[in-house]
Amino acid sequence: MTNQELFALCVEQRGDDCELCHWNKAVDPHHCIVHKRKGRPEFDEIWNIELLCRKCHNDGYCNSYEHRVGFWNRQKARGFQMQEIYDSLELKSREYFE
């Protein structure tokens, strides 16, 4: 699935408002839990994508530990099996939560 297709699927499921400020239109897919890395397509999944406006994506807060924990909880509330996902991550990726 391409990034555009993934973004479109997220918008279809969640709407097009920024998931952080709820004010602006979301235009950027943010890899929240584990940042996108070249050659790591397993992180291009709906469980890892947050829809953000350009301002929120660029302000830095979306990369904070506090924000990742909030996103984690929102994804659990959406029905994603986040503990199973966490357990499947490599140790280096788990460090985002420690």
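Each reported figure results from applying straightforward, stated rules to the coordinates on display, with no laboratory input. What you are looking at is a predicted structure, and each value in this text was computed from that prediction instead of being measured. Counting neighbours? That spans all protein chains shown, and the Cβs are built from the backbone with ideal geometry, glycine included.
Among F7, F80, the ranking by other beta carbons within 10 Å of each residue's beta carbon, starting with the fewest, stands as F80, F7. Working note: 222 nm ellipticity from helices only, DSSP H runs with n ≥ 4, each -39,500 (n - 2.57), summed and divided by the residues of the chain, gives -11500 deg cm²/dmol to the nearest 500. Sorting L6, L52 by the number of Cβ atoms found within 10 Å of their own Cβ, with the fewest placed first, yields L6, L52.
Going through [x] -0.65, -0.87; [y] -0.24, -0.65; [z] -0.50, -0.78, the figure that equals log10 I(q)/I(0) by the Debye sum over Cα atoms at q = 0.10, 0.16 Å⁻¹ as computed for the structure here is [y]. What's the angle, to the nearest 10 degrees (0 to 90), between helix 3-14's Cα axis and the longest principal axis of the chain? Roughly 70 degrees, rounded to the nearest 10. Each residue in H22, H31 was given a count of other beta-carbon atoms within 10 angstrom of its own, and listing them fewest first yields H22, H31. Across the stretch 1-36, no residue has a backbone nitrogen under 12 Å from the label position 7 Å along the beta-carbon direction of N58. I need to check one value: relative contact order of the stretch 3-97, counting alpha carbon pairs closer than 8 Å and at least 6 residues apart, in percent. This gives 26 percent for the stretch 3-97.
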